[in-house]
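Below is one structure, written out as structure tokens; the observations come after it.
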């Protein structure tokens with residue numbers, strides 16, 4: 001089953017770095033409060049600080065369209081320090097296969 005997920009990335013100082021989103025395949029429909037393992041978790045760079053799994057905070061069902069109709073919002077990630085756009089692109093887009101939308105302080 002395909003789902004659409006999203007989560008925000010902050011630096012612990014409270015600055016927003018960006019937003020992550022994308023479609024992933026899951027074998028079981030996620031439930032609020034459960035951990036959802038992120039794609040590419042085996043390849044995640046530990047120094048970036050993105051965990052291998054995040055808690056599901058909210059689930060919405062959209063009307064049928066060309067994409068997944070299950071929209072899953074995950075808990076935000078709070079990094080200890082900001083990383084360069086190149087590093088975030090490498091981890092999120094290339095290793096995880098998701099979309100990175102940077103904003104805020106770099």
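Summary of values
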| read-out | value |
| --- | --- |
| The chain, relative contact order [Cα under 8 Å, separation at least 6], % | 37 percent |
| Computed [θ] at 222 nm, helices only, for the chain once each DSSP H run of length n ≥ 4 contributes -39500 (n - 2.57) | -500 deg cm²/dmol |
| Added length on full extension, which subtracts the Cα-Cα distance from 0.36 nm per residue, residue 75 to residue 60 | 3.9 nm |
| Rg over Rh [alpha-carbon atoms, Kirkwood Rh] for the stretch 1-98 | 0.96 |
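Readers should treat all values here as calculations from the given coordinates under stated rules, not as data from a laboratory. Here the structure is a predicted model, which means the values were calculated and not measured.
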